[in-house]
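Q: Below you will find the structure I want to go over with you.
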Amino acid sequence: MKKLFLIFTLFTFLSVTSVLADIIDPRVHYADEFFINKQGKKVTTSSQYKKVKTQVYNLNPAYSEDNKKYGYIDSEKNWVIPPKFDYVMGYSDGLAAVKENDKWGYIDTNGNWVIKPKFHQIFCPINSTKERYLYFLNKCGNLSSGFSEGLAAIPLYEEGVYIVKTQDGKKYKAVLPKGFDTKHSYFVNGYIKNNEFIVQNKEEDYRNYKNQLYYEYPNGYINKTGEVVIRGNFKSPMKFSEGLAAVRIGSDFGYINTKGEVVIEPEYSFAGKFVNGVARVKKYNPQKEKEYEERFINPNKKSSINNISAYADEIPPQNIKDIQSKTNKSPIIPFSLILLILIIITWKSIKKQKENNNANKQD
Amino acid sequence: MNYIYALILTIIIELSVIYLLGFREKLLFYSLIIINILTNPLLNFIVNRLNETYIDFNFLHIILLEILVVIIEWLLLKLVIKSKQLPLFKISFIINATSFLIGLWL
């Protein structure tokens, strides 16, 4: 029993540390912190950097047990916008993202549609460790994920394509839907050239492309009419502040302007928003790093392909499912062996205990 | 429908393990069926939900959830079956570990 308890404790410890390793990014943890101006130059004083209070709306996301829908209540818990949405987010810049019939749109403070629901997904902003914990617990409803200075970041899921690895495993082919606009051939992790997908983001290469099939889409920003005004190959787009927004290109953050142009090159592991012309940033310092725990990356993560017929014109759906089933199972094999050993140990222990109990009964 | 198939398969595997170990207590069998009805669909729902969000949900997170299930099932068995002779924690571990191992390869 003691041996089993020890193994169980070790197992739990390993699992918890792997979870914590995901939440606490070492590139942010082992970093130098300082302030920069809008030209990307380090500033020595940060006296002008003060926390600005964002507008507080007396509209709080709330859930109704009666009809199982979401709406907004005021501070006295009266319904201001009645519960009729599948999910809601906090207000920002006068608008809030809400979900209806599996699509996201935006409403104003009176609950009227400003942008009718048409987006498959929205972003959940992660600007601090606390927000990351809330995200892990799937409590995005407590966070505002919307507009700032007239623009909102949005994953352009509808403009995505499927990427399939070729038989020799050396190249990636893009499965282009009918009417695909070749002008928009840049995605988060690479770009399309002559139907071939060129992977640029090597960090993602191992994690995502171990599978035969992956769904790739760009990110962008929309204005208050729902029109896509910025479209780019960046990740983790943050809210605009003083005309600049932090975005992640590759593994580092930089800043873009309202035209989508990179104005501060990506070199930061953390990038805050600009306040009075100054932003707080962190730059990864390898010398500070004492122990680097390698991130457990699961290459067997399967993509959701429920609406595959809308995109994969060239490959029939049943073939794509065959490809998906042939995923690389190598990390599961050692784990299965360990688990099998534990099962055998426990089996023998239970059998022995039963025999002892039977022997005691006979006595 | 997938949740139902997973639940039925889990119950079959777990009851088979208990039977092969030589346990014949009816209360144990019935308790396991009810406990699985309570916990198994919920676990599968949580796993699917976390997998669909933007989080980097991976294999080790699933292990952590399975460990929680072992503990919860053990506590529920303790609540229902007040026998000190039955090694309830070991039973909870072995039935969940077996169904998890088989589920990995299906």
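The values are calculated or read from the model by the stated rules, or taken from the named source; none is laboratory data. Computed from a prediction, not measured in an experiment: that's the story for all the values here. Virtual Cβ from ideal backbone geometry, glycine too; neighbours counted across all protein chains shown. Note: accessible area is taken over every heavy atom of the protein model, side chains too, but ligands, DNA and RNA are not part of it. Shrake-Rupley method; radii C 1.70, N 1.55, O 1.52, S 1.80 Å.
Q: Under a point-charge model restricted to the Cβ atoms of Lys and Arg (+1) and Asp and Glu (-1), what is the dipole moment magnitude of segment B:2-105 relative to its Cα centre, in debye to the nearest 20?
A: 500
Q: Please give the length that would be gained between A:LYS170 and A:GLU65 if that part of the chain were fully extended, namely 0.36 nm times their separation in residues minus their C-alpha to C-alpha distance (nm, one decimal).
A: Gain on extension, A:LYS170 to A:GLU65, equals 32.6 nm.
Q: If you wrap segment B:66-106's Cα atoms in a convex hull and average its projection over all directions, what's the area in nm²?
A: Mean projected area of the Cα convex hull: 2.7 nm².
Q: Let's test the formula: R0 of 35 Å, r as the Cβ-Cβ distance of A:ASN358 and A:LEU337. What FRET efficiency results, to the nearest 0.05?
A: The pair A:ASN358/A:LEU337 has a calculated efficiency of 0.65.
Q: Still on this structure, I have one more. Can you tell me the relative contact order of segment B:2-105? Whole percent, Cα pairs under 8 Å, sequence separation 6 or more.
A: The normalised contact order for segment B:2-105 reaches 36 percent.
Q: If the limit is 19 Å between Cα atoms, which of A:LYS99/A:LYS224; A:LYS42/A:LYS235; A:LYS352/B:LYS90; A:LYS116/A:LYS239 go over it?
A: Pairs exceeding the cut-off: A:LYS42/A:LYS235; A:LYS116/A:LYS239.
Q: Here's a follow-up. Give the interface area between chains A and B as buried accessible surface, both sides summed, probe 1.4 Å, in Å² to the nearest 100.
A: 3800
Q: Based on C-alpha coordinates, I'd like the Rg and Dmax of segment B:2-105, in Å.
A: Values for segment B:2-105 (Cα only, Rg and Dmax): 14.0, 46 Å.
Q: Distance in nm between label sites at A:LYS77 and B:GLN85, each 7 Å beyond Cα in the beta-carbon direction?
A: 5.2
Q: If you don't mind, there's one more thing I want to ask. Amide H to amide H, which residues 5 or more places from A:PHE274 or on other chains are under 5 Å from it, using H placed in the peptide plane?
A: A:SER241
Q: What FRET efficiency comes out for A:GLU158 versus A:GLU261 if R0 is 22 angstrom and r is the Cβ-Cβ distance? Round to the nearest 0.05.
A: 0.35
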